[in-house]
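J.: The structure under discussion is supplied below as structure tokens; questions concerning it will follow.
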Amino acid sequence: MKAVAIIPARGGSKRIPRKNIKPFFGKPMIAYSIEAALESGLFDAVVVSTDDAEIAEVARTYGAETPFIRPPELANDHAGTGSVVVHALNWFATNGTPYDAACCIYATAPLLDPARLKEGWDRLQGKRFAFSVTSYAFPIQRALRQTPDGSVDMFWPENLTKRSQDLEPAYHDAAQFYWGWTDAWLNGEITFSPISAPVILPRTEVVDIDTPEDWDVAELTYKVLKSRA
């Protein structure tokens, strides 16, 4: 059974310029994802898919492979993660190194624990995909909305008097990693569906870094986790 880690890292980030290689506590951000993948011992190859020569050089410095340059049509704001993984898997198959499974790991996941990747691999058995999720901090069944006239209303008013502990827990994508069998990736099967298994992370291990504010939160969270180690 051969598995590959694929880390998408394009060069054109706009909200946080060059965020994939921006320094984060002494190392480029992408280094944390590469090192977690290598430390897990699960992969026959750890590959960074990028369109950017500088990112490729940094990735190789930290032990990843960069055997191809991602084509321009997969390096814009509209290119989906699935398409990037499919491109990589097809490239390897064409070049004589097919893989049975692939784990897409985001380049901005400094809190990623290698043990969670192992948990994902274990949860993949018997499923098509397994990916990281975390719980919402507040019950989504009691969510509020602002009405057109500027007042407040509940999305589900029937939950007004229900206790939080009586409502079903809800989860969202933790934006860390996505395990999948190669044919599931290539067939474009739907990840957010019953064919997938969740790897449930505590909220203290999760931060989705898209904005400068997210970056600040990531730094604070990282400091707290390291202080507990």
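J.: Here are some pairs, LYS27/LYS226; LYS118/LYS223; LYS27/LYS223; which of them have Cα atoms lying more than 19 Å apart in this structure?
T.: Over 19 Å apart, Cα to Cα: LYS118/LYS223.
J.: Next question. How much length would be gained if the chain were fully extended between THR97 and VAL217, taking 0.36 nm per residue of separation minus their Cα-Cα distance, in nm to one decimal?
T.: The THR97-VAL217 span can extend by a further 39.3 nm.
J.: Sticking with this one: Once mean projected area of the Cα convex hull in nm² is worked out from the coordinates, which option in [x] 15.2; [y] 10.2; [z] 13.5 does it equal?
T.: The listed entry that was calculated here is [x].
J.: How many angstrom lie between the Cα centre of the stretch 1-72 and the Cα centre of the stretch 130-170?
T.: Each part reduced to its Cα centre gives a spacing of 36 Å.
J.: For SER83 and ALA53 in one chain, what is 0.36 nm times their gap in residues minus the Cα-Cα distance, to one decimal in nm?
T.: Once the chain is fully extended between SER83 and ALA53, it gains 8.8 nm.
J.: Assuming 0.36 nm per residue, please report the length gained on full extension of the stretch ALA143 to ASN76 beyond their Cα-Cα distance.
T.: So the extension gain works out to 20.8 nm.
J.: Label ASP183 and LYS162 with points 7 Å out from Cα along Cα→Cβ: what is the distance between them in nm?
T.: 4.0
J.: Can you tell me the FRET efficiency between ARG203 and LYS2 if r is taken as the Cβ-Cβ distance and R0 is 35 Å, rounded to the nearest 0.05?
T.: My answer for the efficiency is 0.55.
J.: Next question, about the same structure. Go ahead and run the numbers for FRET between PHE155 and ILE190, Cβ-Cβ distance against an R0 of 30 Å, rounding to 0.05.
T.: 0.80
J.: Okay, next question. Rank-order 118-124, 216-222, 12-18 by packing density, defined as the average count of other C-beta atoms within 10 Å over each peptide's residues, highest first.
T.: Highest to lowest by the protection proxy: 118-124, 216-222, 12-18.
Just so you know, all these numbers are worked out from the coordinates, no wet-lab data involved. If you're wondering where the values come from, they're calculated on a predicted model, not measured in any experiment. Cβ coordinates were reconstructed from backbone atoms using ideal geometry, including for glycine residues, and neighbour counts include every protein chain displayed.
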